[in-house]
Amino acid sequence: MYQDLREFITLVDKLGALRRIVDADPKFEIGGITEIAAALPECPALLFERIKGFAPGFRIFTNATTTPQRAAVALGIDPNLRPLDALKQWMKKRLTLTPLPPVAARSAPFLENSIRSSNVDLAKLPSPHWHRKDGGPFIGSGSLVVMRDPEDGWINASIYRVQVHGRTKVTIQFDHPGRHGAIIAKKYWEKGQSCPVAVVNGEDPALFVAGFEYLPTGQSEYDFAGAIRGAPIEVAPGPLTNLPLPARAEIILEGELLPSSQEMLPEGPFGEFTGYYASDKRPCPVMDVKAIHFRNDPILLGSPPMKPPRFHFGLPLRAATLWSNLDAVGVTDVVGVWQHVAQLMTVVAIRQRYAGHAKRAGLIAAANSYMARLIVVVDEDVDPANIGEVLWAIATRCEPAEQIDIVRDAWSSALDPRIPADKKLAEATSHSKAIIDACCPFAWKDKFPSTSSLTQDEARLIESKWGAALKAQHGTI
């Protein structure tokens, strides 16, 4: 398995899924190219080289894990599996993961170049303006923010967005006071101290996945990333903060997160994963950057939110959690769970065993689907990962007057563009959810007209025998 971002890029290139883009402008152009590429059927990964206005050698890598195939590579799963089978394989792997604490590295490639003190100038790094109405350049759209809890030494390495505000200052947006990073920073501030912090740009995909996971307090993302890779993450102490930092990361900023009482800067706006701007500028904590470390020919990992159905990860990992939740509460015969429209629509496929089976699955899925307004339940012959098949099931099996239910005042977020601003100010972040039963009516499902298409198992057999020939014929991966 890969050891760093560079080795992952090599694997992607061997799959034929990498495109190199030369002379693109980081102000709007790189973000625009990334978004256009993400909408293509093959959705290639992009490596931007010779970036306009910057020294040769600086590079940006985007669309790293946006397809099921590349997401599978990132998770150490067979990239040739069908998307739903890959997600099921991740569920199995996730249950058996054993956290692996990091180990000391023999060398630290991220220290090949260092800029410190008065020489620090963030303008030397190609931080993109990802969207037209963004409040500025964001170096951190897929970056780890590393902090140490001052009470027990726990290392947190979560992903938060990072906006550049000049030569030596960035803001770190925690988006909620309950985030681990916000809690740790506050512990320092309550003592009248700045919080030592490092921003890791260009981490390997296992760390990227771990940074998005909702891990319990006290569990480090480093341990989880090591479990994904099956080998400990190698770390080296930051020269200024002494924080353990991924030795093979590409670009690292070291410094202090200043107390909110000392300085705040207006952060944003920033285009969100919903495809909208959820909020305007708002004050955020400031990091005083005291050092920049980077490898030779460094690579910034960019993962900007984009208009759905584009999403930063090609396998819906929260759908796997939902699938496990359904199994845990005793909903039998769930054959698949998937999320579409950047997790805003949840689909559950079941093998119907009794009247009310579909409704039960739909209600539990609705209760656990963050921001999803649409919950669809389909039969086992429908691939929940295939939006065309899901729409076919809705259009041919759902009688709207009988098979659509509305759940009100359900789980949402301040990022929801449909919630009025006055309600957001009152922290009333809930919405209704539609549960769409797109299954054959249980009472007469055995008499429902039979389909003319292959079953899921028949399709798998055909793909295993003829899939390579079909892909080669069309020149795709």
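Might you check whether a residue that is under 26 Å from residue 177 (Cβ atoms), within 28 Å of the chain's Cα centre (by Cα) and in a helix (DSSP H, G or I) occurs anywhere in the stretch 369-378? Among the residues of the stretch 369-378, not one is under 26 Å from residue 177 (Cβ atoms), within 28 Å of the chain's Cα centre (by Cα) and in a helix (DSSP H, G or I), which makes the answer no. Within the stretch 173-220, the residues that satisfy the criterion of being closer than 23 Å to residue 259 by Cα and charged (D, E, K, R) are 175, 179, 186, 187, 190, 191. Scanning the stretch 287-325 for residues that are outside any loop (DSSP other than H, G, I, E, B), of a type in the set (A, V, I, L, M) and either touching a Cys at 6+ places or on another chain (Cβ under 7 Å) or within 23 Å of residue 203 (Cβ to Cβ) (or both) yields 287, 289, 291, 292, 299, 300, 301, 317, 320. Figure legend. Inter-residue proximity from the stretch 394-420: first residues assigned by TED's automatic domain parsing to the domain that holds residue 358, second residues at pLDDT 95 or above and of a type in the set (Lys, Arg), beta-carbon distance below 7 Å, spacing 6+ or different chains. Indicated pairs: 407/433; 410/433.
The residues of the stretch 38-59 that are within 26 Å of residue 308 (Cβ to Cβ) and either over 23 Å from the mean Cα position of the chain (by Cα) or modelled with pLDDT of 95 or more (or both), listed by number, are 44, 45, 46, 47, 48.
Got at least one residue in the stretch 252-272 being among the aromatic types (Phe, Trp, Tyr), surrounded by 18 or more Cβ atoms within 10 Å (Cβ to Cβ), under 25 Å from the mean Cα position of the chain (by Cα) and within 30 Å of residue 108 (Cβ to Cβ)? No, the stretch 252-272 contains no residue that is among the aromatic types (Phe, Trp, Tyr), surrounded by 18 or more Cβ atoms within 10 Å (Cβ to Cβ), under 25 Å from the mean Cα position of the chain (by Cα) and within 30 Å of residue 108 (Cβ to Cβ).
Within the stretch 9-42, the set of residues being under 29 Å from residue 136 (Cα atoms), of a type in the set (A, V, I, L, M, F, W, C) and either in a strand (DSSP E or B) or in contact with a helix residue (DSSP H, G or I) (Cβ under 6 Å, 6 or more places away or on another chain) (or both) comprises 18, 21, 22, 24.
Checked against (1) surrounded by fewer than 17 Cβ atoms within 10 Å (Cβ to Cβ); (2) not in a strand (DSSP E or B), residue 181 passes all but a single condition, namely (1).
Every residue, every condition in (1) among the aliphatic types (A, V, I, L, M); (2) assigned to a loop (DSSP other than H, G, I, E, B), yes or no:
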site: 388; (1), (2): no, no
site: 402; (1), (2): no, no
site: 405; (1), (2): no, no
site: 415; (1), (2): yes, yes
site: 422; (1), (2): no, no
site: 446; (1), (2): no, no
site: 464; (1), (2): no, no
site: 469; (1), (2): yes, no
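Examine the stretch 212-232 for a residue that is assigned to a strand (DSSP E or B), of a type in the set (Asp, Glu) and not assigned by TED's automatic domain parsing to the domain that holds residue 415, and state whether such a residue exists. Scanning the stretch 212-232 turns up no residue that is assigned to a strand (DSSP E or B), of a type in the set (Asp, Glu) and not assigned by TED's automatic domain parsing to the domain that holds residue 415.
Counted as qualifying within the stretch 81-169 are the strands (runs of 3 or more DSSP E) with 3 or more residues that are touching a residue at least 40 places away in the same chain (Cβ under 8 Å) and crowded, with 16+ Cβ neighbours inside 10 Å, namely 138-140, 144-148, 155-159, 161-164. Taken over the stretch 193-213, the criterion of being out of contact with any Ser or Thr (no Cβ under 9 Å at 6 or more places or on another chain) and either hydrophobic (A, V, I, L, M, F, W, C) or surrounded by fewer than 24 Cβ atoms within 10 Å (Cβ to Cβ) (or both) is satisfied by 193, 194, 195, 206, 207.
Apart from one condition, residue 249 fits all of (1) under 28 Å from residue 149 (Cβ atoms); (2) assigned to a loop (DSSP other than H, G, I, E, B); (3) not assigned by TED's automatic domain parsing to the domain that holds residue 54; the exception is (3).
Among residues of the stretch 335-344 being hydrophobic (A, V, I, L, M, F, W, C) and surrounded by 21 or more Cβ atoms within 10 Å (Cβ to Cβ), the one that is farthest from the chain's Cα centre (by Cα) is 337.
The values are calculated or read from the model by the stated rules, or taken from the named source; none is laboratory data. This one's a predicted model, so the numbers in the text were calculated from it and none came from an experiment. Cβ coordinates were reconstructed from backbone atoms using ideal geometry, including for glycine residues, and neighbour counts include every protein chain displayed.
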